[in-house]
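Enquirer: Please see the structure below; I have some questions.
Here, each number is a calculation from the coordinates, and none is a lab measurement. Note that the coordinates shown come from a computational prediction; the quantities given were computed from them, not determined experimentally.
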Amino acid sequence: MSEILTNSKARHEYHILETYEAGIVLHGTEVKSLRAGLGQIRDAFARVENGELWLHNAHIEEYSHGNLYNHAPKAPRKLLLHKRELRKLAEASAAKGCALIPLSFYWKNGKVKVAIGIGQGKMQYDKRQDTRNRDAERELKRATMHRLKGRR
């Protein structure tokens, strides 16, 4: 399992409550662009429409050698899940303050998969607290490494 794209903004902006693995319907030129790492999912989101899950705003660049059969970079793409998972996601997205966010695209057995998370929006003070905790943890690691190196 190797990652193609990650959404670095997702864990900063949202509390991820649950994650799901979904397949994605892609054209050949989209797959080739993803192999080259040409895309971004920073502003992407998923929405349940008519009993199907769709990924919106994901940008996959046009393939340079695609000519006539190239794809639209920001076209909505269908995500593939089991019916019970779709029902859970539909219920979760209907709840106030929750959104369906793509966390990453990755390869699994030669196919592109999408990690979808149910995210609940963070307030500004939550983001600051996360930054403080991360900095404190980094300082603690730095201090322990410095102490261990000094004992040699």
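Enquirer: Just 122, 78, 96 to compare: in a GNM of the chain, with alpha carbon springs under 10 Å, which one fluctuates most?
Expert: Looking only at 122, 78, 96, the biggest GNM fluctuation is shown by 96.
Enquirer: Rounded to the nearest 500 deg cm²/dmol, what is the calculated helix-only ellipticity per residue at 222 nm for the chain, with -39500 (n - 2.57) per DSSP H run of length n ≥ 4?
Expert: Roughly -10500 deg cm²/dmol at 222 nm, from the helical runs in the chain.
Enquirer: Residue 122's amide H: which non-local residues (gap 5+, or another chain) put their own amide H closer than 5 Å, with H modeled 1.01 Å from N in plane and none for Pro or chain starts?
Expert: Amide H neighbours of residue 122, under 5 Å, 5+ apart: 14, 15.
Enquirer: Specify the residue with the greatest mean-square fluctuation among 13, 49, 30, computed from a Gaussian network of the chain linking alpha-carbon atoms under 10 Å apart.
Expert: Highest fluctuation of the listed residues: 49.
Enquirer: Okay, moving on. Over what distance in Å are the Cα centres of the stretch 83-152 and the stretch 9-25 separated?
Expert: Taking the Cα centre of each part, the stretch 83-152 and the stretch 9-25 sit 8 Å apart.
Enquirer: Hey, another quick one. Which of these, 87, 128, 42, has the largest mean-square fluctuation under a Gaussian network model of the chain (Cα springs below 10 Å)?
Expert: 128
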